[in-house]
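The values are calculated or read from the model by the stated rules, or taken from the named source; none is laboratory data. Predicted, not measured: the structure shown is a model, and the values here were computed from it. Don't worry about glycine lacking a Cβ; one is built from the backbone with ideal geometry, like all the others, and counts go over all protein chains shown.
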Amino acid sequence: EGAAAAAAEGGGVRAHRSRVSGIAWRRDASMADMNAGQYMNELKAQVNNAYAQEFFATVREKCFEKCISKPGTSLSSGDSACVAKCMDRYIDATQLISRAVVQQLQNQ
């Protein structure tokens, strides 16, 4: 059973590696040129960038659905104010949650 599980797991890893984009392979290849600290800083920056992109995509989608009554070439003043307030609420909520998570991690 253990050997079968290991073989299945290894197959999954190989299958996953075959789906990895060329960017990841180049990043792995360039890791040899970096020390571990530089690599971690680069990885953190990429994760932060991905989080920021996801956050703003979500905000755009949700605020657009909530605020834009008649899509067109420009925003009405009411739509513009609604989008600004909506984005501010998402930013405030995200900051509140982030502070709570950091506090919880520090207390562990």
Some residue of the stretch 63-78 being under 19 Å from the mean Cα position of the chain (by Cα), modelled with pLDDT of 85 or more and surrounded by 10 or more Cβ atoms within 10 Å (Cβ to Cβ): yes
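Matching residues to (1) part of a helix (DSSP H, G or I); (2) exposed (fewer than 10 other Cβ atoms within 10 Å of the Cβ); (3) of a type outside the set (A, V, I, L, M); (4) modelled with pLDDT under 55:
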| site | (1), (2), (3), (4) |
| --- | --- |
| HIS16 | yes, yes, yes, yes |
| ASP33 | no, yes, yes, no |
| TYR39 | yes, no, yes, no |
| PHE55 | yes, no, yes, no |
| THR58 | yes, no, yes, no |
Residues satisfying the stated conditions in the stretch 70-90, i.e. in a loop (DSSP other than H, G, I, E, B) and among the polar types (S, T, N, Q): THR73, SER74, SER76
